[in-house]
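Written out below as C-alpha cells is the structure these notes cover.
Any read-out appearing in this document is the output of simple, stated calculations on the displayed coordinates, not a laboratory observation. Since we're looking at a predicted model, the values are computed, not measured. With ideal geometry, Cβ positions are generated from the backbone for all residues, glycine too; neighbour counts draw on all protein chains shown.
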Amino acid sequence: MNLSSKFLLASLVITSFASCSKNPSYLKDQSEINSLSQTNESIRLEPRSEAIVFKATGDIDSTLKSFRDLLGPLNSAPNVGPGRREVNWDGGPAQLTNNNLFPGDFFAATDPALPNGRKRGLLNTTPGTGFSISDSGFSFINAGYPDQFKAFSPKKTFIAVGSTITDNFFRVPGKNIGASVQGFGVVFSDVNNASSTSMDFYNGDRLLGSFKVPNVGNNNPGGFSFLGVYFPNEKVTRVRIFSGSAALSATQNDLSNGGGEDLVVMDDFIYSEPQELR
C-alpha cells in the first residue's frame, strides 16, 4: 500500500472512542482537515502542521491497527526502508526489571555487537531520576499497584521515576545520528481523568501540537487508552509525554484506589521509521 493510499485509509477510519463505544468522524478533504475538531481538539495547528489523530479507550485494537497500517510494516533491523518501529518493553532483561535501573538509551544502541532488538532509534530522557520497567504492575514500589495497572502486551510496562514527564528523541536505528518521525503513538494504562495525560509534539523548539489522551474513568482500573498522532507534512524530533498527575511512589495511591492523583503507566510505543535529519 503506497503512502497516499494509507493516508486515505487513515482519513476514513479516524475514530474517537468513549470506553468501548465508537463515534466515527470522517476526514473527507483538505478543507475538512483544516477545520475538523475532534473531542474539542483542532487538528489544524498552524500553517503546514495538519495532524491525523487516532484515539481509543477500552477496546483499542481496531484503532491501533489503523495507526499501524498508516505507518507501514514493522521493521526489526537497521538500514531498512519506510515502515514503523515498536517498543513494548518486554525486551528489557531481568536485571533491569522491577527496579529503577532501566536506561533511557536502551533502545538507541549503536554498538554493532549488540542485537538488532536494541537498535530501534528511541532515546528517552526525563527530569526525574530515571526509568523503570515492571512485569508485576510496579508492586515493588507500592503493593496496591498491581490492581491498578495492566500490561497491554504482557508483561512489562514503563514509567519515568520521580516524574510524570518522558521526553522521546529519535536516532537513525543503530547509529548516533539525529532523526525525526512523522507518527508516534502510545498505549496507556489507567488514565482516569481528561486532563492528566497528554503528548506534545515538536519539530526542534517549535510546538506542532498538544493532544489529550482519552480517559477510561474511575470504574475501569487498568483500562487501556491509546493516542497516536501522524503529521503528513512535518518532521517530529521530540515527543513529550505527560503520564498522569503524579509520579508513582510508596505513599501515593491512585484516584480509583482512594488516592488524590491520577497515576498512569505506559506500554507500547509505536512510531514511524526514524529518518535522518537533513
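Here are the numbers for the structure shown:
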| quantity | calculated |
| --- | --- |
| Under-5 Å amide H pairs with SER76, H placed in peptide plane, nonlocal only | none |
| Cα→Cβ-extended label distance, 7 Å offset, between LEU207 and ASP61, nm | 3.7 |
| Proximal charge balance of SER134 [Cβ under 9 Å; K/R count +1, D/E count -1] | +1 |
| Pairwise FRET efficiency - SER136 versus LEU277, Cβ, R0 = 41 Å, nearest 0.05 | 0.60 |
| Theoretical gain in end-to-end length, ASN100 to ALA113 [0.36 nm per residue, Cα-Cα removed] | 2.1 nm |
